[in-house]
Every structure is written in structure tokens, then in C-alpha cells.
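In what follows, a structure is listed as C-alpha cells, so that the remarks can point back to it.
The values are calculated or read from the model by the stated rules, or taken from the named source; none is laboratory data. Note that this is a predicted model, so its numbers are computed, not measured. Counting neighbours? That spans all protein chains shown, and the Cβs are built from the backbone with ideal geometry, glycine included. Side chains included, ligands, DNA and RNA excluded: accessible areas come from the protein's heavy atoms. Shrake-Rupley method; radii C 1.70, N 1.55, O 1.52, S 1.80 Å.
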Amino acid sequence: MRISRRHLLAGSAAAAAAPAQTGSAPQPATGRVFTGEALREIAFPLGGIGTGTVSLGGYGNLRDWEIFNRPNKGGVLPFTFAALRLSGGGLAKPRIRVLERIPLPPFTGGSGVPRETAIGLPHFQEATFTGAYPFAHVRFRDARLPVEVSLEAFNPMIPLETGDSSLPVAILAYRVTSRARSRLDAALAFSLMNPAGYDGVSRLHSRRASFFGQNFNEFRSADGQRGLFLSSRKYAADSTHYGSLALLTSVADTSYRLEWDHGPWWDDFQEWWDEFLSKGRFPGNASQPSAEGETEYATLASHFSLAPGESRQVVHVLAWHFPNTENYWTSEPEHKGEPLPNHYGSRWPSAWEPAAYTLSHYESLRARSLRYRDTLFSSTLPAPVLDAVSSQASILRTNTVMVLAGPKTLAFEGCNDNGGCCPMNCTHVFNYEQAMAHLYPDVERGMREIDFLVNMRPDGSMSFRTPVPLRQGGNHIHPAADGQMGCVLKVYREWQLGAGDEWLRKLWPKVRRALEYAWAKWDADRDGVMEGEQHNTYDIEFYGPNSMMGSLYLGALLAASKMAAHLGDQAAARAYQDLFRQGAARLDRLLWNGEYYVQKVDESQPKAAKYQYGEGCLSDQLLGQWFAEVVNLGKLLPHDHVQKALDSIYRYNFRQEFETLPNAQRIYALEDEKGLLLCSWPQGKRPALPFVYSDEVWTGIEYQVAAHLIYEGRVKEGLAIVDAVRSRYDGRRRNPWNEVECGHHYARAMSSWSVLTALSGFSWSAPRRELGFRPRTSPDRFRCLFSTGTSWGAYSQERTAGKLAARIQVEGGRLEMAALRLPFENAAAQLTSAVPATLAVSAGEAVIRFASPVALRQGEKLELSLG
């Protein structure tokens, strides 16, 4: 078809999302739906990159208050909840409902069920929770009320727009629709504890704690916005206890109470209830700084009336500002407890400003975030994949990822209940993570700069963990073989995604040293195969050749040869390329057993007597080849052996149940659940003490193997693994937005992004300005989100016999494209395009080269056809 300029540049704003669907399985265009027992474990993180989060529970409640620069699983702010009061509309008397579902059992506690969540007040009978990150939707149901009520909760999340995706806010938009036959009066009251001064981990049951004092609540109104500002005058601005909270709305008719009445026993809550029930408004009382050891509760109420059938939305922006992170994790006494200014804290003077910014730009922030959600969920990818990709991107918002002033990207491996796990920037765990690199490449590049410009030592070794404060050379522990080689591959990825030649030149001398350190430590004979002591992601050392480290080493050599050639370092390029070829052949000869790659344990090493895997079938055995697929490096090992090894991993390691598996290690799958073991010994010869995590199931490795299977055409098998993971995280057994390993929100799970790139066959080379797709599912009618690092959007295609119609639509950023590669067989086909281009078809691939690069900006698209 002929493409006009109008078609080329047409926007996509009018594109409609698919109709809503229901059911327990994740559904395209809406997300995954939960109700009843499946609501119990849900905690949907709301917050910005590096800001911490508060989670929306499955009932519609706020839980896990982790906005204080550290994890806080199970942490609640007492008497922080929203409630709806209704009067008129045929009601005999006013009614109040907490805007949450009735909690599910158990109802336990030595003094009864804890009261500080307002569990003792009337709630809605039922709720349905739909999650499509970053949006959650809760529909409340109660046949006794003349209204329908729903909640849309989200945090702004826009690919490539790090600033607006790093707002310390949770947006809560309640919609109330009248079913009454006459006018209905409503008041939506949001109550908050003032938490300024809170240490972020202590369990709060009332407004009294030693860290409170001089807490001050204010009502503010400016520029059509009004709300509560909660702070403390007790702490200096550089204290880790310093901070503020804000709750804003744009509703014009509001009332408020800045302090609940004080009294013994339960008087304060009882009097709040009585006042709201009988009067429906609050008096707008003045407030004084609280007494030492005490804080205050405050309430903001929005008032409105509804005619029969009328609907009204009340938007709340909850914002926080706790600008100083406590260095609680360090083992160095001189730095223990040090305040570390965080990046978001330096952007805003208090919580009021990000709240006001968000409310002022609400429509734009919501529209751009919806564009990301809808582009992802309108994909033709299977629902469990969309669920995995979207849900695990939430890890970027949790306390796993920290951004200090600078900005400096620092990250734990995951989060324990009250503190980060395994600090900081662990190179081997972040080998697996792909979401941040594709969604927020500037944040990812910050990690690379710390890896190479800070953590590199004079001998070429790298600190695989980052001490804080940062110091040259990092810490003094041994380097990690997989982490160091993976860092070379990650630099190649960042460069291919668009970091630029200047950035590459800045890092290149350190990249060379990091790679060539292998010749001193792990490949002393320079034969292209690692044999030495190899510390790795299993927290032990492998001794002797193995394909896990070996394939990462091969990938690093090949990537380095390409970077060297591009920068004009031809001698290094040839040396790395030659060693790659030599090593690939040697590793294959040494380790291929006819079904998969094994480890040749170096038994001359005293420590090799335990914690090896030997003849085992390791799920990670092709880790470097998987990474090579993600960055389009090509094959590192013989293709037929790669395929057969993947088949063996699936056959031997993917279990249909765990009831019959004895496991003395950590438990991540059990009973009737399905999952992928880290290792098995199908031919026997299991060591008495194999490597320490061998019987475990890690979602990050499951996604890595699933993606690799898909890259090799094993789509059914790869999807079976993804489905197994998401079935375990079903809301009843586990939280779907918190995949655990060594801690909550574990970074390795962000390997789920590679399942998207595998199914779409996405590739992008910014230096060559070359984009490619090779759909491996629904190729006749395919659609999927893509992100190049400088742009993001949707690729779609329709295929019939000998014909292909393709569209690239940019939703954000700028895409400058010189060539496009697509799967196509008809060598006699003609190209129809609105811009001058040539077509070459060979080996099942069409290569379209544009006469001059095509530049597409947000809202623009390119359509072309072959046939």
C-alpha cells in the first residue's frame, strides 16, 4: 500500500484499548484480576524510582509503608485509611464505609485483632483487584449501599522519562457513582498519621513513640489545590529522621481536622467516628506542635453531591519527602548511621512540591503512563508474559533500587523485611536484570560508571559489590568471574542501546583492563577457557572449566572485539576475536557430554571437594549465550549443542511438582507447584555437597532459561516456565508484585524483560541505527512494545502468503533508523514505503535500508509493506 506523509506522521492518541475482560488469569489490556482469597497477599508498590514505596493491598488498603529509605514489610501507619460517608439518596440514616474490603482471616492477636488499621469499622463486602503495572484498579461491592465505588491507583511510569518516573508519590483516584433515585450527599475522608521522625522499621500501634515530637500538621490551599502538610520541627534538615508527608486534592469543597481529639483509652478514634457520622464535616481546627514522644492524626475530607446516575472522581496525591538515607547496612563503624542525601530529596524542598507538581500535571502524567501500560498490554504476547514483564518492572520502585544525590545509582540485590539485602550493585546478580536497561537507560548507565570508574582496581579486578560511601577500588574482597565478564557485556548493551561513542570511549580503557584481568586470574594460559578459582552468583567458587563462566567470558571477548573495532583499536579487536574463536572450540570439546555442558572440576584445588556441580545439568550453563541473544551478538557455541543443552535443561530441571523432592535448602516452590531447579544430575554422580543453592528455584533464572528457549524456537517450553512462575505468585500463595529470592523484590527477576525481547525478536544497534524484529508468537498478527534506549513504542505486523505489512509507532523519545530487519521469505517481493528505501531478502530475512535515516518522534509512525 502507498504511504502518504500523513500516514507516516499520524499519531496514535485515538487508539483504543481492548475491552475489559474478567477471570483469574492475567488478561491483555486490563491486567491480572483477583478476588476473594487471591486478595490476601497482594501488595502493589506505589512510588518513584529511588523514592521507596507504599503498597496498595488487595483489599484497597495501604500497607508496607516503605517510604522511609528502607524496607518495612508489614509496617502500617496507624489510623491511615480512607472512608466514605453517604447520606440522603433514600438512606434512612448516614452510613460510613472504610474504602476497603472486609479483611480475610485469620483474625488473631493476643489482645484481639490489631485495631490500628481501622478493621473494626464497617467495610465493603467484596472487592475485585486488577493489576497492570503501574496501574491498579479496585472495584468495591456492597449491595447494601446506593453507590458503586472504585479506586484507580498508580505512580507515573513513562519509559525514558526518568524525572517524571521518579516522583515520590502515590496517586489514588476514587470514583463514586450513584445508584440512588434521589440526590446523594457524600464525603470522602482520608485520615493520616503524621510519620515525620519515624525510623521506618519500628512497629507502630498508636501515636506515641520516642522518635516523635514537635510533629506539626497544616492545611494549605494554593493554586486550586488544597490539602494536608505533615512535618516535624524536632529534627535538623540533615537528619535521617527529617522529612514530611503531604496529601493533596483538587476538590473545591473540603473540610479537615488537623488533630484528633485526645483522650484516654480509645477516645480519639471513637470521637472521630462519632463526629464524622453525625456531622459529616470536620471543623478545620488549628494545630500545635505535638508533645515530645507523640505525633498527631489528621483528616482531609472532600465533599460532593450526586444526582441519580451521576459519577464523581476524587483524586488524592500522597507525597513524601525523606531526603536522607541512613547508612544502616555498612559494616564500617565510622560510616554506620551516616546520613546519605538521596537524589529525589535534592529535587524538592518538601513533600508539598512534588504533590503539587503531580496534581498540576495529573492528566499528562496519567495519559503518558497509560500509554506505556496500554502499549504493553495491547500486545499479542501471552498474558503470563505481560504479567511477568510488567509486575517485575515494579522492582525499580522499591527499596531494592536507591538513587543517591548526584545522581548515583545504587541497588541491593533485594530487600529483607526491614533492611536491604546484600549491598550494593552486585555485578553478578545484575547480569540478569534487563528491565532497567531498556526502560531507564540513564539509571542503568549510572551503575556501569560506578562499576568501571569507581570499583576498578589497579590490577584490573573489579569490586563486585559497591561500598558506601563510594571509594576508588571499591572493597577488598575477591572479584566475581561472572560479574566482571557480565559488566563487559553490559557496557556493550548500553552502547548498543544508545549510550554513544563518547560514553564508550570514557569507559573503554577500564573495559579492556577488566577483560584482560581474566588472563591473570581465570585464564592464565590464555586458551579462551576459564580454569581458575571463579567466584560467582551462587556465593561460592567453581574450580575448573564450566560453561556458565565460560560462556560469559566468550560473550565478553566477542563484545569487546566489536567495541574495540568500532573505536579503531584493531589490534585488540583481532586479539579478542582470535581468543574467542579458540576458546569457543576448546570449551565445547572439553565440556560437551552429548546432552549438555558439564563442569570439569579441578580436583587439585583443596576447596573443590565440595560446592561444585560436576556432571550436573546446570540451568545457568548457557548464561553468556542468553546474554548474547539479548544484545544480538550471535552464537558463542555450536548452535546444535546450544539447542540440545536447552532441551536437556527443560527435560531434567523443569519439575511438575515438588512433593517428592527432598530439599534442605531454601524453599521457593513446594507441593503441587511447578518450577525450574537450578541443577539436576540426570546421569547420577551428584556430589555429596553440591553447590549450596542447587535444589532451589529462582525466578530470575527461570525467566532467563525461558527467554533462551524462546530465542531458540522452543516457545511452548519457554512459556510453560513463565506460566509456572506466575502461577506460584497468584495472590493467595504469594504476592504477584514481589518475587523473592534472597529477599523481596529481588533484582534478578527483572530478567523477565528478556522474555519480551525473545518473543518479539527485538534487536537494536544505535551505532548502526538498525532496528529488527522476529516475532516468535502470533507472527500473522503480531504487536509488541519495544524500547531502543532513545525511543519506545509499538511494532506490529500482519502476514499473509508472500506478503507482510509492518508498522513502527513511536510513543516516546526519538527513533532515528537507517535500516530495518524483518522476517520474510519472498525474495521476489516489492517494497512499498512512504520514504525512499531498498529491499534485500535473503535467508528468511528482509533488510530494508532507507536512502536517508528516518526520524520518528512521539506520535509518529512508519508503515510499509512487502509483497
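Annotations
- Near Leu99, the amide H atoms lying under 5 Å from its own belong to Ala82, Ala83, Leu84; only residues 5 or more places off or on other chains count, and H is placed 1.01 Å from N.
- Across all C-alpha atoms in the range 436-590, the radius of gyration and Dmax reach 14.9, 46 Å.
- The string of couplings for the range 201-212 from the Karplus curve (6.51, -1.76, 1.60, θ = phi - 60°) is 9, 5, 7, 9, 10, 7, 8, 10, 6, 5, 7, 8 Hz, one whole number per residue in order, with x for Gly and Pro.
- Dividing the Cα radius of gyration of the range 180-249 by its Kirkwood radius returns 1.13 for Rg/Rh.
- Checked against a 21 Å cut-off, the cross-linked pairs Lys510/Lys562; Lys607/Lys685; Lys521/Lys685; Lys510/Lys600 give Cα-Cα distances beyond that limit for Lys521/Lys685; Lys510/Lys600.
- Dimensionless Rg ratio for the range 325-396, taking C-alpha atoms and the 2.2 N^0.38 Å reference: 1.69
- Peptides 573-580, 135-142 ranked from most to least packed give 135-142, 573-580, packing being the mean of other C-beta atoms within 10 angstrom over each peptide's residues.
- If the segment from Ser346 to Gln665 were pulled out straight at 0.36 nm per residue, it would be longer than the present Cα-Cα gap by 110.5 nm.
- Between Leu91 and Arg208, the FRET efficiency from the beta-carbon distance, with R0 = 56 Å, is close to 0.90.
- Residue-averaged 222 nm ellipticity for the chain, from DSSP H runs of 4+ at -39500 (n - 2.57), nearest 500: -7500 deg cm²/dmol
- With a 1.4 Å probe rolled over the protein heavy atoms of all chains, the accessible area of Ser378, Ser191 falls in the order Ser378, Ser191, largest first.
- q = 0.18, 0.27 Å⁻¹: log10 I(q)/I(0) that the Debye formula gives for the range 115-187, counting C-alpha atoms only: -0.87, -1.24
- Taking the convex hull of the alpha carbon positions in the range 617-714 and averaging its projected area over all directions gives 6.5 nm².
- Accessible carbon and sulfur surface of the chain relative to its total accessible area, %, 1.4 Å: 50
- For the range 417-527, projected area of the alpha-carbon convex hull averaged over all directions, nm²: 7.8
- When every Cα-Cα distance of the range 586-672 is counted in 10 angstrom steps from zero, the calculated P(r) takes the values 14, 37, 33, 16, 0 percent.
- Here the range 399-458 was treated as a single set of alpha-carbon atoms; its pair distances binned every 5 Å from 0 give 4, 18, 28, 28, 16, 5, 1, 0 percent.
- The Cα atoms of the range 80-151 define a convex hull whose projected area, averaged across directions, is 6.2 nm².
- Ellipsoid fit via the Cα gyration tensor, the range 30-164: semi-axes of 27, 20, 14 Å, each the root of five times an eigenvalue, largest first.
- Positive dipole terminus of the range 738-849, leading residue within Ser791, Ala801, Ala758 (C-beta point charges): Ala801
- Selection from Gln434, Gly473, Gly420 lying farthest towards where the dipole of the range 410-482 points positive, charges on Cβ: Gly473
- At the residue level, Thr832 shows approximately 50 square angstrom of accessible surface with a 1.4 angstrom probe and all protein chains present.
- Enclosing the Cα atoms of the range 107-243 in their convex hull gives a volume equal to 202 cubic angstrom per residue.
- Simple point charges give the picture: +1 on the Cβ of Lys and Arg, -1 on the Cβ of Asp and Glu, and for the range 375-480 a dipole about the Cα centre of about 260 debye.
- Counting every alpha-carbon pair across the range 113-154, the share separated by more than 12 Å comes to 65%.
- Each principal axis of the Cα cloud of the range 270-314 was taken in turn, and the coordinate range along them, longest first, works out to 49, 21, 16 Å.
- The range 626-679: radius of gyration over Cα atoms, expressed as a fraction of 2.2 N^0.38 Å: 1.49
- Whether the range 378-418 is rounded, prolate or oblate, judged on the alpha carbon gyration tensor where a/c under 1.5 counts as rounded: oblate
- Gyration tensor over alpha-carbon atoms, the range 223-301, equivalent ellipsoid semi-axes in Å: 24, 20, 8
- Value of D in µm² per second that Stokes-Einstein yields for the chain, Kirkwood Rh from Cα pairs, at 37 °C (0.692 mPa s): 115
- Long-range Cα-Cα pairs in the range 731-862 (distance over 26 Å), rounded percent: 30
- Value of Rg/Rh across the range 760-833 [Cα atoms, Kirkwood radius]: 0.96
- Stretch in the chain that is longest and holds no GluC sites (Glu not before Pro) that DSSP places in a loop and that have at most 10 other beta carbons within 10 Å: 335-658
- For the range 179-318, convex hull of alpha carbons as volume per residue, Å³: 131
- Val755 sits among other residues whose Cβ lies under 14 Å from its own Cβ, and their net charge, with Lys and Arg +1 and Asp and Glu -1, is -3.
- Most to least accessible of Arg769, Arg97, Arg493 (protein chains only, probe 1.4 Å): Arg769, Arg97, Arg493
- Alpha-carbon centroids, the range 652-677 and the range 791-839: separation in whole Å: 44
- Counted charge near Ala846, where neighbours are those whose Cβ lies closer than 12 Å (Asp, Glu -1; Lys, Arg +1): +3
- Sequence of Cys415, Cys422 from largest to smallest accessible area, 1.4 Å probe: Cys422, Cys415
- Extreme residue, positive dipole direction of the range 188-314, given options Phe219, Ser287, Thr249 (C-beta unit charges): Thr249
- Under conditions of 37 °C and 0.692 mPa s, the range 232-386 yields 166 µm² s⁻¹ as its translational diffusion coefficient, taking Rh as the Kirkwood radius over Cα pairs in the Stokes-Einstein equation.
- Per residue accessible area of the chain, 1.4 Å probe, in Å²: 34
- Rg and Dmax, both from the Cα atoms of the range 364-441 and both in Å, are 14.6, 40.
- Considering all C-alpha pairs of the range 720-760, those separated by over 15 Å amount to 47%.
- The Kirkwood hydrodynamic radius of the range 561-623, based on inverse pair distances between different Cα atoms, is 14.1 Å.
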